[in-house]
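Only one structure is covered here, and it is reproduced in the block below.
What follows draws every value from the coordinates through simple rules; no lab data is involved. Remember, predicted model here, so these are calculated numbers, not experimental data. All Cβ positions, even for glycine, are placed from backbone atoms using ideal geometry, and neighbour counts span all protein chains on display.
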Protein chains: 2
Amino acid sequence: MHSLLIVAHGSRRDSSNDEVRALTECLRQRAGARFARVSCAFLELAEPSIPDGIDALVEAGTRRVTVLPYFLSAGRHVATDIPEAVERKRRQYPSVHIELASYVGASEGMIDLLLGHAALSRGPAS
Amino acid sequence: MHSLLIVAHGSRRDSSNDEVRALTECLRQRAGARFARVSCAFLELAEPSIPDGIDALVEAGTRRVTVLPYFLSAGRHVATDIPEAVERKRRQYPSVHIELASYVGASEGMIDLLLGHAALSRGPAS
């Protein structure tokens with residue numbers, strides 16, 4: 001059973017956290033057979049935390065987790081905090097395969113996404 | 001002449017700002033005929049500012065600018081700060097058409113980007 005955990009920063013604004021939860025729900029619906037479970041976790045300021053998010057997936061039977069940082073740049077959180085949290089869980093669950101994907105800002109598809117998004121956002125020619 | 005301005009938050013870390021500049025360079029190369037110019041600006045902590053970024057495009061002959069917020073969630077910056085900066089420039093340049101795209105996190109393509117990115121990041125099956 002392979003699961004996907006989206007990790008966002010977390011915000012004091014509930015609406016921003018709810019936006020991540022809604023995105024996760026869309027991912028869950030679109031994932032099809034690719035991921036048995038799709039959930040989200042937050043580095044800080046919102047629940048569940050990264051450890052709690054991984055615990056819940058493992059308790060549900062996941063033996064393989066892809067952790068995907070929903071960040072646009074490689075700051076300290078991406079470079080240090082999230083890898084450390086993942087490494088602690090790898091030690092706790094040696095039989096679970098926990099992969100850390102690169103942050104979404106580093107995705108090869110980002111350039112095309114931006115160009116497509118900019119094109120869609122155009123109003124009528126003026 | 002239609003130009004694209006990517007607006008990022010800006011960081012105290014030069015490497016994060018340079019990452020946005022590198023992304024902008026990739027966009028420039030990939031844009032082809034879609035945008036005559038592609039540049040970036042920062043809300044705070046880095047240069048150029050949003051006003052300076054728009055000024056430079058207008059001075060270069062742009063008569064239409066699409067401003068694309070490179071943000072993942074709709075916090076205050078996306079909801080208020082960037083629209084206000086754009087509105088001030090619209091008043092300053094009434095003959096220039098300045099469009100504000102929605103932030104990239106709201107892009108319809110984000111779900112597929114994340115699923116594709118998660119799939120690519122998978123190690124060998126275990």
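Applying the selection to segment A:75-105, what residues are closer than 26 Å to B:Thr24 by Cβ and among the aromatic types (Phe, Trp, Tyr)?
A:Tyr103
What's the number of the condition A:Ala22 fails, among (1) closer than 22 Å to B:Met110 by Cα; (2) in contact with a Ser or Thr (Cβ under 9 Å, 6 or more places away or on another chain)?
(2)
Any residue in segment A:1-19 that's assigned to a loop (DSSP other than H, G, I, E, B): show its pairings with residues that are hydroxyl-bearing (Ser, Thr, Tyr) at Cβ separation under 9 Å, as long as the two are six or more apart or on different chains.
Sorted first by the residue in segment A:1-19, then by its partner, the pairs are A:Met1/A:Thr62; A:His9/A:Ser16; A:His9/A:Tyr70; A:His9/B:Ser73; A:Gly10/A:Ser16; A:Gly10/A:Ser49; A:Ser11/B:Ser73; A:Arg13/B:Ser73.
Show me the strands (runs of 3 or more DSSP E) found entirely inside segment B:31-126 where at least 1 residues are within 24 Å of B:Arg12 (Cα to Cα) and within 11 Å of chain A (Cβ to nearest Cβ).
Qualifying strands (runs of 3 or more DSSP E): B:37-42, B:64-69.
Return the residue satisfying two criteria in turn: it lies in segment A:1-30 and is closer than 20 Å to A:Ala101 by Cβ and of a type in the set (Gly, Ala, Ser), and of such residues it is nearest to the other protein chains (Cβ to nearest Cβ).
A:Ala8
Which of the residues belonging to segment B:11-52 are of a type in the set (A, V, I, L, M) and touching a strand residue (DSSP E or B) at 6+ places or on another chain (Cβ under 9 Å)?
Residues satisfying the conditions are B:Val20, B:Leu23, B:Leu27, B:Ala31, B:Ala36, B:Val38, B:Ala41, B:Leu43, B:Ala46, B:Ile50.
Just to be sure, is B:Val65 farther than 30 Å from A:Pro69 by Cα, buried (at least 23 other Cβ atoms within 10 Å of the Cβ), of a type outside the set (S, T, N, Q) and under 13 Å from the mean Cα position of the chain (by Cα)?
Yes: the conditions hold for B:Val65.
Quick one: which residue in B:Ser39, B:Ser95, B:Ser49 is among the polar types (S, T, N, Q) and surrounded by 20 or more Cβ atoms within 10 Å (Cβ to Cβ)?
Every option except B:Ser39 fails the conditions.
Hey, any hits in segment A:106-122 for a residue that's closer than 26 Å to A:Arg28 by Cα and loosely packed, with under 14 Cβ neighbours inside 10 Å?
yes
Which residues, counting only those in segment B:28-67, are of a type in the set (Ser, Thr, Tyr) and over 17 Å from B:Ser95 (Cβ atoms)? Reasoning before the result, please.
Going through segment B:28-67, the residues of a type in the set (Ser, Thr, Tyr) turn out to be B:39, B:49, B:62, B:66.
Matches in segment B:28-67: B:Ser39, B:Ser49.
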